[in-house]
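Remarks on the structure that follows.
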Amino acid sequence: MKLQQLRYLCETANHNMNLSKAAKNLHTSQPAISKQIQLLEEELGVDIFLRNGKRIVRITPPGEQIIKIATRMLRDADNLKRIAQEFTDEAGGTLTIATTHTQARYALPPVIKQFTARYPKVRLILRQGNPMQISSLVSSGEADIAIATEAIEHFQELVMLPCYEWNRCVVVPPKHPLLKLKKLTLEAINQYPIITYDFAFTGRSKINQAFARKGLEPNVVLTAIDSDVIKTYVELGLGIGILANMAFDAKRDKQLKSIDASHLFEPSTTRIGISRNSYIRGYVFDFIEMFAPHLDHAAIQAKLKNYRTEN
């Protein structure tokens, strides 16, 4: 049994049994992956995948257990490398952050600037996606940390670290009738077409819940994964926008006006998700503390210890 075989196996499973995508991601050929997986199956004496001719159809029941163990073994192998790097190159390495557009665009820039000044030899990689995608990246070991509002809690192997609470605003063109109201209401918002986040993104569930409690059905005409896209279409007159407070900058968004809506929606909490099985290098601890100062090394270690005890 070789680590290479385990990598081929897990990559194939992660790409829904698509050998072509797995081969491309691993910079090898489909026949090479297929052969190594077959050799592993012969060594173990069980079929990991069910095949129809040469095509892989699904994962077998023993295959599901084997893939779980293989994933853990690969993560442990990576942890060995990280431990060695910690002592051979304390200030260098790679930090891969999986996050949403809103966090990458509005929350992270000052933190990344501070981090790169302290750790100029660390290579930063930002991978953007929806909360489920970025949580999956950390779960599979493809990213070190996830920063999101939704979905992290659905991944049992991830430890959640609450960072900060935030709420929403309504953005409208100048001279919009909503600007004349003394106090914004959901009923007033519901008189206009709404542009907001995609269902998988940035506390969208809080918006839906607020309208539902009032017995209202919002007229959402456009959804997007990007706060800047939402503002663009508000500028074009397609509707009013509901977005995170942090995503509105009065100096940059001069063609729009913002109305505070924090009294209408429950606050959302941005969290960092880290794998409970990963070895965390010193500069990762420091990055987390820069992003959320209350999460120092001791606090993170305590969270990890409590999580392992409970699970």
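A few notes on this one:
- For residue 183, the lysines whose Cα falls under 25 Å of its own Cα, not counting residues fewer than eight places away in the same chain, are 175, 206, 214, 231, 251, 254, 257.
- Projected onto planes of every orientation and averaged, the convex hull of the alpha-carbon atoms in the chain covers 20.0 nm².
- The share of alpha-carbon pairs in the stretch 1-116 lying farther apart than 16 Å comes to 68%.
- Taking Cα centre as origin and charging only the Cβ of basic (Lys, Arg, +1) and acidic (Asp, Glu, -1) residues, the dipole magnitude of the chain rounds to 600 debye.
- Rounded accessible area of residue 165 (nearest 10 Å², 1.4 Å probe): 130 Å²
- Of the solvent-accessible surface of the chain, computed with a 1.4 Å probe and all protein chains present, 51% belongs to carbon and sulfur.
- Springs between Cα atoms under 10 Å define the GNM used for the chain, and in it the highest mean-square fluctuation of 252, 123, 271 occurs at 252.
- Taken about its Cα centre, the stretch 158-311 carries a charge dipole of roughly 260 debye when the Cβ of each Lys and Arg holds +1 and the Cβ of each Asp and Glu holds -1.
- Charge dipole of the chain about the Cα centre (unit charges at C-beta), most positive-ward option of 98, 279, 59: 98
- Farthest toward positive dipole pole in the stretch 92-156 [+1 Lys/Arg, -1 Asp/Glu at C-beta], among 114, 140, 128: 114
- Lysines whose Cα lies under 25 Å from that of residue 68, excluding same-chain neighbours fewer than 8 positions away: 2, 21, 24, 35, 54, 81, 303, 305
- Probe 1.4 Å - accessible area at residue 296, Å² to nearest ten: 60 Å²
- For the chain, the mean residue ellipticity at 222 nm estimated from helices alone is -13000 deg cm²/dmol, where every DSSP H run of n ≥ 4 contributes -39500 (n - 2.57) and the total is divided by all residues, rounded to the nearest 500.
- Largest to smallest accessible area among 233, 197 [probe 1.4 Å]: 233, 197
- In terms of accessible area, using a 1.4 Å probe and ignoring ligands and nucleic acids, 294, 176, 27 rank largest first as 27, 294, 176.
The values are calculated or read from the model by the stated rules, or taken from the named source; none is laboratory data. Predicted model only: the values in this text are computed from it and were never measured. Cβ sites come from the backbone with ideal geometry, for glycine too, and all protein chains shown count toward neighbours. Surface accessibility is based on the protein's heavy atoms, side chains included, excluding ligands, DNA and RNA. Shrake-Rupley method; radii C 1.70, N 1.55, O 1.52, S 1.80 Å.
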